[in-house]
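S.K.: Supplied in structure tokens, the structure appears directly below.
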Amino acid sequence: MKLKNTQIVGFIITIVIGTALHFTYKWSGENAIVGAFSAVNESVWEHLKLLSVPMLLLGVAEYFIYGRKKDNFVPVRLLSILLGMALIITVFYTYSGIIGEHIPIVDIILFFVAAFVSYRYSYKMLQTNKYTSRFSRTLAILGVILLIACIIIFTFVSPHLGLFRDPISGAFGTSAT
């Protein structure tokens, strides 16, 4: 399969899995293991999982399918995830700060746009020789480990910052459910 097609398929799968992850914690009866990788409340942080978790999981599969042949695969995948997360945070707080509230349909569209931008960036960067050094690959592996650790830890022990606050209950992490 051509690189462009893998990115299109990845985008579609990310949208589908990410949408499901919005509901899987409740569907599981609030199972802690499911919660580690699903949105456990309505905070912006928990919604970042909808993008990052599918992209990480697909990244593992893609690595074994074609990524091993690309020295920049892991750095590019990490950067594409972080780009999408940064886009969600920036646009969400900008638009909701300007109008004084968030609009669910805008949030959904933002998720789709962030996934598209992430995969578009990945597609473009995987065609270059950027981030191919051993240092870049090592740093990216450490970054992926740190991202996964943050996703899991902050689900259960959330910093008391606005990014992690459930706007409905005012609580943080799993205590917000």
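S.K.: Measuring from centroid to centroid over Cα atoms, what is the spacing of region 74-105 and region 1-31 in Å?
M.R.: Centre-to-centre distance over Cα atoms comes out at 17 Å.
S.K.: Which is farthest toward the positive dipole end of region 28-165 among 81, 159, 126, measuring Cα position about the Cα centre, with Cβ charges +1 (Lys, Arg) and -1 (Asp, Glu)?
M.R.: Of the candidates, 126 comes out farthest on the positive side.
S.K.: Can you name the helices of the chain, as whole DSSP H runs, whose Cα span along the helix axis is 18 Å or more and whose Kyte-Doolittle mean is not below 1.6?
M.R.: Helices meeting the criterion: 73-99, 134-156.
S.K.: Rank-order 69-77, 3-11, 28-36 by packing density, defined as the average count of other C-beta atoms within 10 Å over each peptide's residues, highest first.
M.R.: So the peptides 69-77, 3-11, 28-36, ranked by packing, come out 69-77, 3-11, 28-36.
S.K.: Of the peptides 91-101, 125-135, 39-49, 109-119, how do they stack up when ordered by the mean number of other Cβ atoms within 10 Å, highest first?
M.R.: 39-49, 109-119, 125-135, 91-101
S.K.: Further question on the same structure: For the chain, what is the charge dipole size about the Cα centre, in debye to the nearest 20, if Lys and Arg each add +1 at the Cβ and Asp and Glu each add -1 at the Cβ?
M.R.: Computed charge dipole of the chain: roughly 1040 debye.
S.K.: If you average the alpha carbon positions of region 43-65 and of region 107-177, how far apart do those two centres end up, in angstrom?
M.R.: The two parts, judged by their Cα centres, are 8 Å apart.
S.K.: I would also like to ask the following. What distance in nm lies between label points placed 7 Å from Cα along the C-beta direction at residue 91 and residue 168?
M.R.: Each label point is offset 7 Å from its Cα along the Cβ direction, giving 2.3 nm.
S.K.: Shifting gears a bit: Given points 7 Å out from each Cα along the Cα-Cβ axis, report the residue 127 to residue 65 separation in nanometres with one decimal.
M.R.: Roughly 1.9 nm, to one decimal.
S.K.: Something else: Run lengths n ≥ 4 of DSSP H only: what is the helix-derived mean residue ellipticity at 222 nm for the chain, with -39500 (n - 2.57) per run over all residues, to the nearest 500?
M.R.: -23000 deg cm²/dmol
S.K.: Still on this structure: If the cut-off is a Cα-Cα distance under 20 Å, which lysines reach residue 70, setting aside same-chain residues fewer than 8 apart in sequence?
M.R.: Answer for residue 70, where 20 Å is the Cα cut-off: 2, 4, 124, 130, listed by chain and number.
S.K.: Only Cα pairs under 8 Å and at least 6 apart count here; give the relative contact order of region 3-176 as a rounded whole percent. Walk me through the intermediate numbers first.
M.R.: Values: 197 pairs, mean separation 51.2, N = 174.
Reported relative contact order: 29 percent.
S.K.: Can you order the peptides 53-63, 15-25 by their average number of other Cβ atoms within 10 Å per residue, highest first?
M.R.: 53-63, 15-25
S.K.: Still on this structure, please answer the following. Starting from 0.36 nm per residue, how many nanometres of slack lie between residue 153 and residue 138 once their C-alpha separation is accounted for?
M.R.: That pair, residue 153 and residue 138, stretches by 3.2 nm at full extension.
S.K.: Apply the a/c threshold of 1.5 to the C-alpha gyration tensor of the chain and tell me whether it is rounded, prolate or oblate.
M.R.: prolate
Here, each number is a calculation from the coordinates, and none is a lab measurement. Please read these numbers as outputs of a predicted model, since none were measured by experiment. Quick reminder, even Gly has a Cβ in these numbers, built from the backbone with ideal geometry, and neighbours come from all protein chains shown.
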